Amino acid sequence: MEASQDDRYREASAAYGAALERLAGANEADPDDHRRLLQEIYLALWRSFAGWDARCSPGSSSSRREPCRTAIRLDRRIAELGSLESQ
């Protein structure tokens, strides 16, 4: 029986949760922004398992890239909002 999207997410978040926490912490010092970024990363990770190819392992490079991409996208959005607020 193939694992569900939720099962894969739980497995990956248990295995890589500490690393994702460090990734978010390295990108956001503000506690609110840190929590927001971490939530976005976990959501992107969960979504990535919807079209998961079971031949790949949860530790593959593609499952590590998506949280990084999410962190970069959110960091850019926060920077854009900050520059708009200062105008």
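Quick check: residue separation of I72 and D30 times 0.36 nm, minus the Cα distance between them. What number comes out in nm? Show your work: numbers first, answer last.
Details: separation 42, 0.36 × 42 = 15.12 nm, distance 1.58 nm.
Gain on stretching I72 to D30: 13.5 nm.
Along Cα→Cβ, 7 Å out, is where each label goes; now give me the distance between the ones at D7 and Q39 in nm to one decimal.
2.9 nm
Read-outs: derived from the displayed coordinates by stated rules, not from any lab. If you're wondering where the values come from, they're calculated on a predicted model, not measured in any experiment. Using ideal geometry, Cβ is built from the backbone for each residue, glycine included, and neighbour counts are taken over all protein chains shown.
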